[in-house]
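Before any comments, here is the structure.
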Amino acid sequence: MPSEIILLGAPIPKANWERESRGKPMSVRILLVDDNASLRERLRLLLEGHPDWEICGEAADGIEAIEKFRQLRPSLLLVDVSMPGMNGLDASLEILKLCPKMPILLYTSYLTPQLIEIAHKAGIRGTVSKDSSHLLVVGLETLLRGEEFSSPAD
């Protein structure tokens, strides 16, 4: 199996969430996308407590998320929906055009059954309400296993 793929004319390393041929998991590189800097800091502290996870970057809006995705090649994205400029749903859809199997967890204060349906139809495999933030780590772990995850809608 090749160790890289070609995407838009440029080689891209295999996703970090895929296992090496030796069966040993690689470090999970997470891109945090939220316009609230203090929330990003709290998320960083929570997620970096996981022994195999690292925060490889942060973005404050959808446009920056796409740029950071291209630069940093994260293995997973945690994305807020409501942000200025390009929202997180639109940014996630653009990222999925670049890398259709990218695990993305939408993290929003406004989780509705309609948003869950739109996200899943678009290829976004995870949704968590900010009111259910105790499920955040479980949701990310579920996505990394290749499964879908949604916390209850508000």
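Observations
- Figure legend. Inter-residue proximity from the stretch 83-94: first residues without any contact (Cβ under 8 Å) to a residue 60 or more places away in the chain and on the phi > 0 side of the Ramachandran plot, second residues among the acidic types (D, E) and surrounded by fewer than 23 Cβ atoms within 10 Å (Cβ to Cβ), beta-carbon distance below 6 Å, spacing 6+ or different chains. Indicated pairs: G85/D61.
- Test: I6 is modelled with pLDDT under 95, of a type in the set (V, I, T) and closer than 22 Å to L96 by Cα: yes
- Residue in the stretch 12-26 that is under 22 Å from L135 (Cα atoms) and modelled with pLDDT of 95 or more present: no
- For the stretch 107-116, the criterion of being hydroxyl-bearing (S, T, Y), assigned to a loop (DSSP other than H, G, I, E, B) and crowded, with 19+ Cβ neighbours inside 10 Å is met by none of the residues.
- Selected residue (criterion: farthest from Q71 (Cα to Cα)) from residues of the stretch 99-115 that are modelled with pLDDT under 95 and β-branched (V, I, T): T112
- Within the stretch 47-62, being surrounded by 13 or more Cβ atoms within 10 Å (Cβ to Cβ) and either more than 15 Å from the chain's Cα centre (by Cα) or assigned to a loop (DSSP other than H, G, I, E, B) (or both) holds for H50, A60, D61.
The values are calculated or read from the model by the stated rules, or taken from the named source; none is laboratory data. If you're wondering where the values come from, they're calculated on a predicted model, not measured in any experiment. Don't worry about glycine lacking a Cβ; one is built from the backbone with ideal geometry, like all the others, and counts go over all protein chains shown.
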